Amino acid sequence: MFGGGDRAKTFSTQFDGLLFDYAKTTLREDILAALIQLAEEAQVAQRRDAMFAGEKINETEGRAVLHTALRRSGTGVFVDGEDVMPGIHATLDRMEAFANEVRSGAFQGAGGKITDVMNIGIGGSDLGPAMAVLAMDSYADGPRAHFVSNVDGAQIAQVMRGLDLSTTLIIVASKTFTTIETMTNANTAREMMAQVVDDPAAQFAALSTAADLTADFGIAPERVFGFEDWVGGRYSMWGPIGLSLMLAIGPDNFRAFLRGGEAMDQHFQTAPFAENLPVLLALVGMWHHQFCGFGSRAVLPYDQQLSRLPAYLQQLEMESNGKRVAMDGSDLPDQAGPIVWGEPGTNGQHAFYQLIHQGTQVVPCEFLVAAEGNELGRSVHHRLLVANCLAQSQALMVGRTLDEARALMQDAGFEGDELERQARHRVFPGNRPSTTLIYPRLTPYVLGQIIALYEHRVFVEGVILGINSFDQWGVELGKVLAKEVEKLILEGPVDGTDGSTAQLVNFVRNSVDA
Ligand code: F6P
């Protein structure tokens, strides 16, 4: 059994209140040493320093990668010779002033104090703040936050049904301000707002890099919070894209979230690789995926407030490291990043854990759990939550042998062939790998630590794979074709439309006409 003995000490690291335990894996000390050497040879430290220094490491887009600057308290981060920190601090101060006005009632809607905020955005302009607002629910004392992302009108219709628009602030969150889903939802929201208030644009704010487009949309510059193109969408919740979070939990808590991220940045930059949480998380992940060949990675927060973390990490990890060519354009010789999926415990236990325990595929599991809960934190609820989390990783590790299963069946009165048959169904192979990240309590600071930890883990994996983790060309083709297919739905298939698409389009057209 791989998790027993002294492994717990050897294969675990603590930093700033966090404990990362990776003893329940097949890693050995010699393997870990080889993996660390791999990271060194891949120049993880040099690439890391280049990122923090503002070098244009996003080579396919010619951009720096500086989301870390958004959570930096100091100054002195240069892009093209200019210190970007004064601008970042000024924008943060403006966000804070606006958040205070909204939260205090100094900024009002047509119907009075703002009671609700609706964030319209998708991908990185939605998943980060939506995940974090849920995670920070125990700290929320501002207007209620709602999120609309899907171009499916069902979502905006459902969210708006419950809102008094005269006291609702609508935030259009889009780095590019061109994303079709977001702009379609924003236009619909503006039309609906116009039916309720005289000056609909007065209850809109925008978060974007495209000041010209936010102005064209009619949003006054004092409610536009800008950022630069060196902040990737899926890394953007630390700045203006986090406005809905700041409105919900207040500027002080938002700043605590930034400090948690900054603490992880410093750890990532200074800790030796053998004690460096992002590096270790990356190496364990690569051991499982690239070396052992396990195809997916389950993220299992035993924390209902982190229930959107798996979805958030799907974008962070799969949009960043779901690539097939290396930085130089050559085909990747190895597997790129894994499929990431998951649901909170204990719910998942009653749904898909069967496959994790007894299925034919090995799924490395990443458990997350707080020592103390935010709600009823010292009650039986939290004790049971933690017990279940720890018991699941233990069960995955120890399993149940055929002899143990036979003994159980014997006790239950079975004999002969039937005992054997029944026992085999009750065997757990064991030695199924998992890691556990324990944090004291899910505070804003701890959330910042966790998110920055995962960001840097993705970075380290990307550097070792030799890919660019900061572009996402793979989402472009579908966007282009969606425009063409929309035309086909309006006008019908044309010569050259492939047979399957033509059939589907005709079915839609006939159903709508019928
Ligand atoms: O899906 C592609 C993508 O560009 C994501 O990377 C991004 O987070 C999302 O679309 C939304 O983009 P924007 O913030 O520009 O609307």
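The values are calculated or read from the model by the stated rules, or taken from the named source; none is laboratory data. These numbers were taken from a predicted model, which means no experiment stands behind them. All Cβ positions, glycine included, derive from the backbone under ideal geometry; neighbour counts span all protein chains shown. These area figures cover heavy atoms from the full protein model, side chains too; ligands, DNA and RNA do not enter into them. Shrake-Rupley method; radii C 1.70, N 1.55, O 1.52, S 1.80 Å.
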First compute the accessible area of region 425-494 with a 1.4 Å probe, then give the percent of it belonging to carbon and sulfur atoms. 63
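Carbon and sulfur: what percent of region 281-352's accessible surface (1.4 Å probe)? Working shown, then result.
On the way: 1450 of 2880 Å².
Answer for region 281-352: carbon and sulfur cover 50 percent of the accessible area.
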So what's the projected area for the chain, the Cα convex hull averaged over all directions, in nm²? 29.9
Between region 302-381 and region 411-446, what is the C-alpha centre distance in whole Å? 18
Which order do the peptides 252-259, 20-27, 479-486, 103-110 come out in when sorted by mean C-beta neighbours inside 10 angstrom, highest first? 20-27, 252-259, 103-110, 479-486
Within straight-line cross-link reach of K9, aspartates and glutamates at Cα separation under 20 Å, skipping those fewer than 8 residues along the same chain: D21, E29, D30, E275, E366
Tally Lys and Arg at +1 and Asp and Glu at -1 over the other residues with C-beta under 11 Å from the C-beta of N58: what net charge comes out? -3
Amide hydrogen neighbours beyond the local backbone of I171, cut-off 5 Å, H modeled: M118, N119, I120, A205
Based on DSSP H runs of at least 4 residues, each adding -39500 (n - 2.57), what is the mean residue ellipticity at 222 nm of the chain after dividing by all its residues, to the nearest 500 deg cm²/dmol? -13500 deg cm²/dmol
Explain nothing, just compute: Karplus ³J(HN,Hα) = 6.51 cos²θ - 1.76 cosθ + 1.60, θ = phi - 60°, for every residue of region 445-460 in order, whole Hz, x for Gly and Pro. 4, 5, 4, x, 4, 5, 5, 5, 4, 5, 4, 6, 4, 4, 4, 4
Less than 20 Å from a label point 7 Å out along the Cα-to-Cβ axis of S500: which backbone N atoms in region 448-492 qualify, by residue? 474-489
Furthest towards positive pole of dipole, I114, M237, C389, structure part the chain, Cβ charges: C389
Tell me, how many Å apart are the Cα centres for region 462-514 and for region 208-249? 29
Taking K483 as the anchor, which aspartates and glutamates have their alpha carbon closer than 15 Å to its alpha carbon, excluding any fewer than eight residues away along the same chain? E181, E491
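Over the chain, give the accessible area per residue in Å² for a 1.4 Å probe, as an integer. Mind showing how you got there, number by number?
On the way: 22770 Å² over 514 residues.
Per residue, the chain has an accessible area of 44 Å².
Tell me, Kirkwood radius of region 81-249 from alpha-carbon pair distances, in Å?
On the way: mean 1/r = 0.0636 Å⁻¹.
After inverting the pairwise mean of 1/r, the radius is 15.7 Å.
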Kindly work out what percent of the DSSP beta bridges joining two residues of the chain are antiparallel, to the nearest 5. 30
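For W473, W287, W238, give the ranking by accessible area with the largest first, probe 1.4 Å. Provide the component values of the computation, followed by the final result.
Working: W473 140, W287 40, W238 0 Å².
Correct descending sequence by accessible area is W473, W287, W238.
Just to be sure I understand: of the beta bridges DSSP finds with both ends in region 81-249, what percent are antiparallel, rounded to 5? Spell out each step's value before the answer.
Numbers: 2 of 19 bridges.
Bridges in region 81-249 that DSSP calls antiparallel: roughly 10 percent.
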Whole-angstrom Cα spans of region 371-506 along principal axes, big to small: 71, 51, 37
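Tell me the carbon and sulfur percent of the accessible area for region 8-98, rounded to whole percent, probe radius 1.4 Å.
On the way: 2060 of 4260 Å².
Percent of accessible area from carbon and sulfur atoms in region 8-98: 48.
Students often get this wrong, so check it: of K56/K479; K113/K175; K24/K323; K175/K479, which have C-alpha atoms separated by over 23 Å? Show your work: numbers first, answer last.
Working: K56/K479 26 Å; K113/K175 28 Å; K24/K323 29 Å; K175/K479 16 Å.
The pairs that break the limit, which is 23 Å between Cα atoms, are K56/K479; K113/K175; K24/K323.
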So, over other residues within a Cβ distance under 13 Å of P251, counting Lys, Arg +1 and Asp, Glu -1, the net charge is -1
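If you take the square roots of the eigenvalues of the alpha-carbon gyration tensor of region 291-438 and sort them as a ≥ b ≥ c, do you get rounded (a/c under 1.5), prolate (a/b over b/c) or oblate? Working shown, then result.
Values: a/c = 3.23, a/b = 1.36, b/c = 2.38.
In terms of gyration-tensor shape, oblate.
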Once the Cα gyration tensor of region 250-309 is diagonalised, what are the square roots of 5 times its eigenvalues, in whole Å and ordered largest first, as equivalent ellipsoid semi-axes? 27, 20, 7
In debye to the nearest 20, the charge dipole size for region 81-249, taken about the Cα centre with +1 at each Lys and Arg Cβ and -1 at each Asp and Glu Cβ, equals 380
What three numbers, in Å, describe the spread of the alpha carbons of region 1-128 along their principal axes, ordered from the longest? 65, 40, 28
